[in-house]
Amino acid sequence: MADVRPSEKTYQNTLTDDSIPPKTGRWKLVGPGIVAAATGVGAGDLVATLIAGSRFGYALLWAAVIGCIVKIALAESTARWHLATGQTILDGWRSLGPWTSWYFGIYIIIWGFVYGATGMSATALPLAALFPFLPFWVWAMIAGILGAIFVALNRYQVFEDAMKIFIGIMFVVVIVIAIMTLPNLGEAVTGLVPTIPEGSLIYTLGLIGGVGGTITMASYGYWVNAKGWRTPRWMSIMRLDNRVAYIMTGVFVIAMLVIGAELLYTAQITLSSGDRGLLDLDEVLRERFGPVVSVIFLIGFAAAAFSSILGVWHGVSILFADFVRNVRNQPLSGTRDDLSKTPAFKFYLFWLTIPPMALLWFGRPFQLIIIYGALGAFFMPFLALTLMWLLNSKRVPAEWRNGWLSNTLLGASAALFIILCLNEIWGMIVGE
């Protein structure tokens, strides 16, 4: 593949965009960041936060706060590349050499096949509990197909509005339940002081790096562009959008940790690993607060899981469509929303939805899971390191290159993700 770099002409062309940010009412524009945050916070992340709270109480509260700062830096960097250069993150990776395309191409195909089954299963769990007249696998298939149809038939703004509704349900439900547990505010405040209890190192690093951090972080720049933000004029709006979204995520994660600390830590209740841990929490809520709260929680659980389906089905399909465009060396015409009309986008929607249904019956082949885990462990270090590379280079106009704060946060996040990557690989080697 030829080396493709943003030219001065390309950059100047982005400045001819007619859209101009409004001087008032900027809060009303917030949206793409909420989409990215809602997509990244899946059922597995919720369980990981609950387990951290159930094992260590409020001691790791500070890690949740640091995690949000890390995600703000990563998402801001991704979108800044899009706005400052007029190119996509796939264009940026391609400019670093063909190795990036080989890695990303293999990863996105395997990731989509395995995640398709994971996302559908996570959504089916609360739906099967709420409506047991249909078996689990039927609910999983319904969730996947409905998600694909919705994404295929609607443009970005409708998709964003739907995501806001789902994250609103999820947010309100979790905050209300956290308040009902009557949190110990004194202990919560002490949890903001960084400490690492014995045996908590990996939980601490996972809490910082895991919640809201997936391949969909790379989709944020495309959602920003689809919103109509395509030039540096929109940089301040994007930063407001990003900060609001991840502050909301931080509040949400803290609320989940409070629930884990108050309901599980004090009673020494152990959750199942994986998504089913949320069903264990549902039983605890039913015993303590009654069936109404249990049903409300399951609705919030379903909203969280289905928002991840919609976000992945839309965002990662756009990434795949742009990957195909780069492989074919085609120019990017129109808006990033046009990528959702391409055959490659529709193919990946199919790939996420139909082939993974086989895993609902036959389980996950061991070899495939090993490859999936290894490639996935490398993605967040890959994202952090390549963003540092790109945003410190002449590919970006000097005004929008990294400053010391961005380099510090991206460097710290890269080190964090490398440690988590090595831990993941070690776990696969020793079979843990």
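The values are calculated or read from the model by the stated rules, or taken from the named source; none is laboratory data. It should be emphasised that the depicted structure is a prediction, and the values quoted were computed from it without experimental measurement. Cβ atoms come from the backbone with ideal geometry, glycine included; neighbour counts cover every protein chain shown.
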- Message: Can you confirm whether Gly228 is surrounded by fewer than 24 Cβ atoms within 10 Å (Cβ to Cβ), small (Gly, Ala, Ser), touching a residue at least 24 places away in the same chain (Cβ under 8 Å) and under 30 Å from Val293 (Cβ atoms)?
- Response: no
- Expected output for the stretch 409-425 (first residue among the acidic types (Asp, Glu), partner crowded, with 20+ Cβ neighbours inside 10 Å and part of a helix (DSSP H, G or I), Cβ below 9 Å, 6+ apart or cross-chain) is Glu424/Ala377
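Any idea how many residues of the stretch 42-60 are farther than 28 Å from Met120 by Cβ and out of contact with any helix residue (DSSP H, G or I) (no Cβ under 6 Å at 6 or more places or on another chain)?
So the first thing to find is which residues in the stretch 42-60 are farther than 28 Å from Met120 by Cβ, and the list is 55-60.
Then drop every residue that is not out of contact with any helix residue (DSSP H, G or I) (no Cβ under 6 Å at 6 or more places or on another chain), which leaves 55-56, 59.
Counting residues in the stretch 42-60 that are farther than 28 Å from Met120 by Cβ and out of contact with any helix residue (DSSP H, G or I) (no Cβ under 6 Å at 6 or more places or on another chain) gives 3.
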- Within the stretch 175-187, is even one residue at pLDDT 90 or above, under 22 Å from the mean Cα position of the chain (by Cα) and within 24 Å of Arg155 (Cβ to Cβ)? no
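Looking only at the stretch 393-408, filter to residues that are polar (S, T, N, Q) and outside any loop (DSSP other than H, G, I, E, B); which one of those is farthest from Thr85 (Cα to Cα)?
Initially, the stretch 393-408 is screened for residues polar (S, T, N, Q), giving 393, 402, 406-408.
Right, trim to outside any loop (DSSP other than H, G, I, E, B) and you get 406-408.
Values: Ser406: 17, Asn407: 19, Thr408: 22 Å.
Checking each candidate, the answer is Thr408.
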- Within the bounds of the stretch 398-410, is there any residue that is surrounded by fewer than 17 Cβ atoms within 10 Å (Cβ to Cβ) and of a type in the set (Val, Ile, Thr)? yes
- Query: Residues Val253, Val173, Val258, Val244: which one is surrounded by fewer than 18 Cβ atoms within 10 Å (Cβ to Cβ), among the hydrophobic types (A, V, I, L, M, F, W, C) and in a helix (DSSP H, G or I)?
  - Reply: Val244
